[in-house]
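I have a structure I would like to understand better, so I am pasting it below and will then ask my questions one at a time.
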Amino acid sequence: MDSAAVIEFLGDVPVLQRLPSSSIRKIAQHVMVKHYNSGEYVFKEGEPGGGIYFIWEGEVEVSSQFHSNNHDSQVFQWRKFDYFTQSESIRQEDVIALNKLTCLMLPDKYSYLMNPKSIWSEDMNLETCAPVEHILSLDPLDVNTFRGVTLKGAPKSGKVYGGQFMGQALAAASKTVHFLKILHSFHAHFLLPGDINIPIIYEVDRLRDVPNLAARRVNAVQKERIVFFLIASFHREEEGFHHQEPTMPSVPDPEEVLPKNGLEEGVKLPRHHLRSQVSTPTFVPWPTEIRPVDPKTYTRHTTRHPSVVYWLRAKGRLPDDQALHRCVGAYYSDLLFIQISLNPHRREGMSPSSISLDHSMWFHRDFRADDWLLYVIDSPTAYHARGFSRGQMFNRKGQLVLSAMQVGVVRKMTPSMAAYASKL
C-alpha cells in the first residue's frame, strides 16, 4: 500500500490526531495491512489481538461479554477511522467483519508510539525543551477535550495571560485536525478573567472537515463557565498566487539592540515540574527573548506615539512542527499589543488600564518561532473607551508571516473603577 496514502488515512483518525506529527509518520512505517471477508473473525474471545487495528474500509461488529454476576453483554459496530484492540480487562470481545474489511494493524511492540510524552514531542525532556513548548502542552482527556494549566513558570499578572489562552486553545484545535492541515486564521473573544490557580478545560467542536479545509470552535472552561473562545480555520498547503505589499521597516539586527529590561531572562521552570501543579500569583519573566528597536526608556506615564517595533523569539529550540510554531506566534501576539493604543494618552498622575475584548490573526507563511521575528505594532484609533491595535510579524528575510488585530477597553483608571474593571 502506498505510504502517502497510509499517512493521508492515519492523519484523519481522530485518536491519532492528538499525537505529534512525527509519531503519526512512524506509525505509518510500522502498520500492517489486514484483509477480511464478510463474516470472518478478526479475532475471537480469548485470542490475542496482536496489536491496534484502524479500520480503513468496511465495518466490524464487536460483541463484548462482561464477566460479572449479571453477565451483561454489549454489541457495537465500528466503521472507517474507528480503532479497536483486544481488551485485557474484565471483558472479552469477539470482532467480526460485517462486510469486506481492510484494517491497518499496529503491532503491539510499537504501541508505545500511541503514548508520547507530550502532544508536540515523542520524548519531551523538561530539562531541555523550550519553556513555551511546555506552557503550550496539553493533556488530552478524549479526542475533543484537553486540559491546560498555568505552569508555575508561565507569565501571568494575577490572571491567565491572553496569549496563553490563544496558544493553548489553538493547540487543542490543532490536535483535532489532519496534521497536514495548518492553521491559517482564528478569531478569539475574551469573556472572563482566567483563574491561574485551576486547570483550563478546552472543549473542541469539529465544525467542518473537507479535503483541504477544516474549522474548529474551542471553548475554554473554568468553574463550568466559558471564559474564552475562538474559531480557527485550517488549510492544506496548495500551490497558488503570491504577492506582498508591506515592507519590513529598516531596523538594526536583533544582535545590535539590547534586551528589554525585565523580560530577557526567560522562564526557568523547576526540574521535573508536574503538570498537575498550577500557578501562583507571583511575577516571572517571559519565555521569550525581546529586543526593542527604540533605545529610549519609557514609563507607563510617558506620552508617546501609538506604535512599537521589537524583535522577539522563543527561548530554546522548538520541535519541527509548524502547528506548534503558529501556536507560539499567537502566544507572542498579545504581548504589548492593545496597550499601544494608550500611548498618546499617558501622562504623569494618570493610571491607564486596558482589557482585551477580541483578537484576530492570519498566518501567511510558515515560520520558526524560535528564530528572530520583527513585530511591528500600531494603533490607528481609540474611541469611546475602545482601543484598536494591529500588528505584523516579519522574518529576517523581510517576509510577512502573520498579521494580527485586537480591540480592547482602554480607559483612565480610578479607584472606584478598579473592582468593576477586573470583572469585565
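Could you identify the single residue in LEU192, LEU230 that is more than 18 Å from the chain's Cα centre (by Cα), surrounded by 15 or more Cβ atoms within 10 Å (Cβ to Cβ) and not charged (D, E, K, R)?
Step by step, each of LEU192, LEU230 is checked, and only LEU192 is more than 18 Å from the chain's Cα centre (by Cα), surrounded by 15 or more Cβ atoms within 10 Å (Cβ to Cβ) and not charged (D, E, K, R).
Which numbered condition in (1) within 12 Å of the chain's Cα centre (by Cα); (2) without any contact (Cβ under 8 Å) to a residue 60 or more places away in the chain; (3) farther than 21 Å from VAL132 by Cα is the only one that VAL204 fails?
(2)
If you scan region 233-256, which residues turn out to be closer than 22 Å to HIS187 by Cβ and surrounded by 18 or more Cβ atoms within 10 Å (Cβ to Cβ)?
Passing the criteria: SER233, PHE234.
Same structure, new question: From GLU122, GLU133, grab the single residue that is outside any loop (DSSP other than H, G, I, E, B), touching a residue at least 12 places away in the same chain (Cβ under 8 Å), of a type in the set (D, E, K, R) and within 29 Å of ARG208 (Cα to Cα).
Details: GLU122 fails: outside any loop (DSSP other than H, G, I, E, B).
On inspection, the qualifying residue turns out to be GLU133.
Just to be sure before I move on: is VAL376 among the hydrophobic types (A, V, I, L, M, F, W, C), closer than 20 Å to LEU230 by Cβ, in the same structural domain as CYS327 (by TED's automatic domain parsing) and in a strand (DSSP E or B) in the structure I sent?
no
Considering only region 337-355, how many residues are touching a strand residue (DSSP E or B) at 6+ places or on another chain (Cβ under 6 Å) and either within 14 Å of ILE377 (Cβ to Cβ) or outside the structural domain of ILE377 (by TED's automatic domain parsing) (or both)?
7
Of all the residues that make up region 35-51, how many are part of a strand (DSSP E or B) and modelled with pLDDT of 95 or more?
So the count comes out to 2.
Exactly one condition in (1) crowded, with 24+ Cβ neighbours inside 10 Å; (2) assigned to a loop (DSSP other than H, G, I, E, B) is false for TYR202; which is it?
(2)
Search region 187-243 for residues being farther than 19 Å from VAL149 by Cβ and small (Gly, Ala, Ser), and hand back the single one that is modelled with the lowest pLDDT.
GLY240
Restricting region 379-407 to residues that are among the small types (Gly, Ala, Ser) and part of a loop (DSSP other than H, G, I, E, B), which is nearest to THR288 (Cα to Cα)?
Start the filter on region 379-407 by keeping residues that are among the small types (Gly, Ala, Ser), which leaves 379, 382, 385, 387, 389, 391, 398, 403-404.
If we keep only those that are part of a loop (DSSP other than H, G, I, E, B) as well, we get 385, 398.
On the way: ALA385: 30, GLY398: 21 Å.
Here the answer is GLY398.
Does ARG326 count as at pLDDT 95 or above, more than 21 Å from GLU256 (Cβ to Cβ), assigned by TED's automatic domain parsing to the domain that holds VAL409 and part of a helix (DSSP H, G or I)?
When the stated conditions are applied, ARG326 passes them.
Here's another thing I want to ask about it. Output the residues belonging to region 70-104 that are in contact with a strand residue (DSSP E or B) (Cβ under 8 Å, 6 or more places away or on another chain), in a loop (DSSP other than H, G, I, E, B) and modelled with pLDDT of 70 or more.
ARG79, LYS80, PHE81, ASP82, THR85, GLN86, LEU98, LYS100
Could you tell me which numbered condition ASP358 fails, if it satisfies all but one of (1) assigned to a strand (DSSP E or B); (2) surrounded by 15 or more Cβ atoms within 10 Å (Cβ to Cβ)?
(2)
The values are calculated or read from the model by the stated rules, or taken from the named source; none is laboratory data. Being a predicted model, the structure only gives us computed values, none of them experimental. Neighbour counts run over all protein chains shown; Cβ positions are idealised from the backbone, glycine included.
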